[in-house]
Amino acid sequence: MENKSHAFWAGIFTVALLAAIAVAAFLFNVDRSVRVPYDLIARTNVTGLYTDAAVRYRGLDVGKVQSIKFDRDHPGQILIRILVDTHAPITHSTFGSLGFQGVTGIAFIQLDDTGRDLTPLASSAKAVAQLPMHPGLLDQLQQRGDVLLRKLERVTDDVDNLLSPAMVSQLQGTAASLQKAADGVATLTQQMAPAAGKLPATINELDRTLASTNQLITSLNRPDGPFETNLNKVGTAAQQAGDALVSMDSSIQELSARVGYDTLPRVNSLAEDVRSAARSVDRAADTFSTNPRSVLFGAPGAAPGPGEAGFTWPAARAAAHAPQ
């Protein structure tokens, strides 16, 4: 009896434990959040999307996918019913797109907002609001696949042209030229090594030269330096030369005054005397040529003038000497 009683109680305990585990699992799995239905209008592929897939608003979980079905009123269009938490900011400018979780291929609904119209979008089970479904990344790649393929073909053609025999030969020639230039630089470096070795001594010599130059400039800039002293001497000599020029100028002015006031009058008087003597000689020569006897007998007496004794008018003299 004791073994049967122990087994009975053990069975009851096991059943009660299993019931408690089931109730706990049910309570933990029950979703108590209040959600609002929305319909996403998809005109693109929804590969990888399944019922109960996650719905995220900019990365945050806000609901799940309830159903996926075709739109009977619009062939080729898919209706995706989603349940979204009431606290999610669904507006008139909210849209959905298809996202993928890593490399698993499992899709989810990604909600986002353009910000054009931030008015809240009301929805209910009786009047379900609709949201547009924008193409996802894979859809955009599929739509642009042809363009990408054409561009890839162009790139391939460019690569083929780049790797053509002519281009390869040009690249080889360029590489050879670069190698020659590198060899020339290496040779130049080796040749410049001795000069570079002498560079420190040259720099030291230049430093000493600069120091000597600085010392010379400092010496020249001193008030009692040779430069200032020589300048003072030159200034003194220039001043003495100026004084000598002033004295010479005064002497010249004095000599000019003497010549103007003393010598020139005497020269003028001498010239007047010379002119008088010349006139006298001229008259004597004229008298001699007119009356040579005057040399022996002297010059004839001057004819009496008017009012003097023996004066006669020229007409009377002409009549007196006229032949009878």
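The values are calculated or read from the model by the stated rules, or taken from the named source; none is laboratory data. Note that the structure is predicted; figures quoted are calculated from it, not measured. Positions of Cβ are backbone-derived with ideal geometry, glycine not excepted, and every protein chain shown enters the neighbour counts.
Quick notes on this one:
- Selection count where residues are loosely packed, with under 15 Cβ neighbours inside 10 Å, among the polar types (S, T, N, Q) and either closer than 20 Å to Ala107 by Cβ or not assigned by TED's automatic domain parsing to the domain that holds Gln130 (or both), scope region 61-93: 2
- Here region 94-114 is the region considered, the condition is being outside any strand (DSSP E or B) and among the β-branched types (Val, Ile, Thr), and the residue that is surrounded by the fewest Cβ atoms within 10 Å (Cβ to Cβ) is Val103.
- Residue identified as modelled with pLDDT of 85 or more and over 19 Å from Gly136 (Cα atoms) among Val36, Val15: Val36
- Test: Asp117 is without any contact (Cβ under 8 Å) to a residue 12 or more places away in the chain, surrounded by fewer than 13 Cβ atoms within 10 Å (Cβ to Cβ) and either among the aromatic types (Phe, Trp, Tyr) or assigned to a loop (DSSP other than H, G, I, E, B) (or both): no
- Test: residue in region 91-100 that is over 21 Å from Gln130 (Cβ atoms) and at pLDDT below 90: yes
- Selection of first residues in region 191-208 that are in contact (Cβ under 8 Å) with a residue 60 or more places away in the chain and of second residues that are loosely packed, with under 10 Cβ neighbours inside 10 Å and in a helix (DSSP H, G or I), restricted to Cβ pairs under 6 Å at least 6 apart or on distinct chains, gives an empty result.
- Out of Gly184, Gly136, one residue alone is surrounded by 10 or more Cβ atoms within 10 Å (Cβ to Cβ), modelled with pLDDT under 80 and among the small types (Gly, Ala, Ser). It is Gly136.
- Condition met for Ile80 (among the hydrophobic types (A, V, I, L, M, F, W, C), out of contact with any helix residue (DSSP H, G or I) (no Cβ under 7 Å at 6 or more places or on another chain) and in a strand (DSSP E or B)): yes
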